[in-house]
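Structure, as structure tokens:
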Amino acid sequence: MKYDFDRYVERRNTGSMKWDTLKERFGTDDVLPFWVADMDFKSPPAVIEALQKKLEQGVLGYPAVQDSLLEAVAAWQRTRHSWDVDKSWIAWAPGIVAGLSFSMIAFTEPDEEVIIQTPVYHPFFSVVKSSGRTLVANPLKRENGRYVMDLEHLESLITPKCRTLILCSPHNPIMRVWSKDELEAFAALAKKKNLLVLADEIHQDLVYSDAKHTCFASLSADAANRTVMFAAPSKTFNIAGLASSAAIIPNETLRAKYEETLERFDLDGLNLMGQAAMEAAYAKCADWADQVVAYMEGNRSFVEKFLKERMPKAKMDHPEGTYIFWIDFRGYGLSGDALQEFLLKKAKVALNDGRAFGPDGDGFARLNIGTTRKQLEEGLTRIAEALERH
């Protein structure tokens, strides 16, 4: 590989949420962190160079969005995901969770309901509830050994007061990359019931060789017309700290409502460094993205083999995408507080508590594999040895 993802980068005492808030969040800092979804790899050299160039220029004033940034965002969707995005469709968000929060204000009323598909990324819960909207769960179901959408149940939920759904694609934390057929079936229902789709596609680039991501809005003119899609370079290129995301909204009326909401809060642009990093990432770092996914695919193989050999009662579906893996520890009689206590106190590792992703996550924990193979092995070995003593 051109890039060395085995190289250890010391992140302690650098203001890292992942490494420096362990005591605050987990009650101890004597653990290895495998929780929040950022990677322990240096960002691509071209991104670092773009940021350095801004600093060398020395004037960090108000930025203007340049056409080259819009073209980089559109070209990435076009070349990587076969979605022909017009530059005029692109708006911004200071992070996808923020974009979803603005969408609650722009597209829903306080007495309306919003659907999420659990187990799912935990900020979706707070995005809906903190906006004063009512949360409605459409739990995923198990079919042929994996999670699938329960479209029959979903159809029963949609009413004039419940007409918005947050789609997680690829789905965090269950590692599913929805197939084109699955998305088309969902799109047919969305058309039939006039559903607004807020599509969080932040993990769209982190898909393994045996799966393929399809942008929901690319399926048809109707799908595009009812979709507010969020994308970002933050997970792909490990630049989440720059809080810069794109909202791609083909429907002119929806886009105007979204942009009006951002303007109310004076948040209708991106910060200077975020713009520079986003453009460099999308325009110059495709090879880095390819190689980090290849490295992570090696991590995937390592985790699957390790679980089979050393932790056979821990179950995990075959990951199709993302670098945050969903592991079921119930085979060891571990769930609830006991699982978290075991991981923190016995295994000395910090994983996300599955219950944060919905009640159907009890007995599960989310493991971040976006780290060196050596550290991943250390963390899994700690869990395996603790289970042997359990």
Any chance the stretch 311-326 includes a residue that's out of contact with any Cys (no Cβ under 8 Å at 6 or more places or on another chain), among the β-branched types (Val, Ile, Thr), at pLDDT 95 or above and in a helix (DSSP H, G or I)? no
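Among the residues of the stretch 129-140, is any among the small types (Gly, Ala, Ser) and more than 25 Å from Ser234 (Cβ to Cβ)?
First pass over the stretch 129-140, keeping only residues among the small types (Gly, Ala, Ser): 130-132, 137.
Subsequent filtering for residues that are more than 25 Å from Ser234 (Cβ to Cβ) retains 132, 137.
So far as the stretch 129-140 goes, yes, one or more of its residues are among the small types (Gly, Ala, Ser) and more than 25 Å from Ser234 (Cβ to Cβ).
Say we look at the stretch 333-342 and pick out the residues that are of a type outside the set (A, V, I, L, M) and in a loop (DSSP other than H, G, I, E, B); which of these is least open to solvent (accessible area, probe 1.4 Å)?
To start, the set of residues in the stretch 333-342 that are of a type outside the set (A, V, I, L, M) comprises 333, 335-337, 340-342.
In the following step, the residues that additionally are in a loop (DSSP other than H, G, I, E, B) were identified as 333, 335.
Details: Gly333: 66, Ser335: 49 Å².
Looking at the filtered set, the residue picked out is Ser335.
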When the stretch 34-72 is checked residue by residue, the ones that are within 30 Å of Asn352 (Cα to Cα), open to solvent by less than 50 Å² (accessible area, probe 1.4 Å) and part of a helix (DSSP H, G or I) are Val47
Could you please find all residues in the stretch 369-390 being within 18 Å of Asp6 (Cα to Cα) and either at pLDDT below 95 or under 23 Å from the mean Cα position of the chain (by Cα) (or both)? Ile369, Gly370, Thr371, Thr372, Arg373, Gln375, Leu376, Gly379, Leu380
Residues (in a helix (DSSP H, G or I) and either basic (Lys, Arg) or touching a residue at least 40 places away in the same chain (Cβ under 8 Å) (or both)) located in the stretch 257-271: Lys257, Tyr258, Glu259, Glu260, Thr261, Leu262, Arg264
Pairs, please: C-beta under 6 Å, at least 6 apart or cross-chain, first residue under 19 Å from Leu343 (Cβ atoms) and in the stretch 7-34, second open to solvent by 60 Å² or more (accessible area, probe 1.4 Å) and of a type in the set (S, T, N, Q)? none
Which is surrounded by fewer than 20 Cβ atoms within 10 Å (Cβ to Cβ), at pLDDT 95 or above and not polar (S, T, N, Q), of Arg330, Arg366, Arg355? Arg330
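Yes/no matrix, rows are residues, columns are (1) buried (at least 22 other Cβ atoms within 10 Å of the Cβ); (2) without any contact (Cβ under 8 Å) to a residue 24 or more places away in the chain; (3) out of contact with any Lys or Arg (no Cβ under 6 Å at 6 or more places or on another chain):
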residue	(1), (2), (3)
Arg146	no, no, yes
Ser156	no, yes, yes
Pro170	yes, no, yes
Arg176	yes, no, yes
Tyr208	no, no, yes
Ser218	no, no, yes
Ala223	yes, no, yes
Suppose the filter is more than 22 Å from the chain's Cα centre (by Cα) and either at pLDDT below 95 or open to solvent by less than 70 Å² (accessible area, probe 1.4 Å) (or both); does Thr28 pass it? yes
Residue list for the stretch 178-191, restricted to those being in contact (Cβ under 8 Å) with a residue 12 or more places away in the chain, assigned to a helix (DSSP H, G or I) and open to solvent by 10 Å² or more (accessible area, probe 1.4 Å): Lys180, Glu182, Glu184, Ala185, Ala187, Leu189, Lys191
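The values are calculated or read from the model by the stated rules, or taken from the named source; none is laboratory data. These figures come from a predicted structure and were not determined experimentally. Glycine gets a Cβ as well: all are built from the backbone with ideal geometry, and neighbour counts include every protein chain shown. All accessible areas refer to the heavy atoms of the entire protein, side chains included, with ligands and DNA or RNA removed. Shrake-Rupley method; radii C 1.70, N 1.55, O 1.52, S 1.80 Å.
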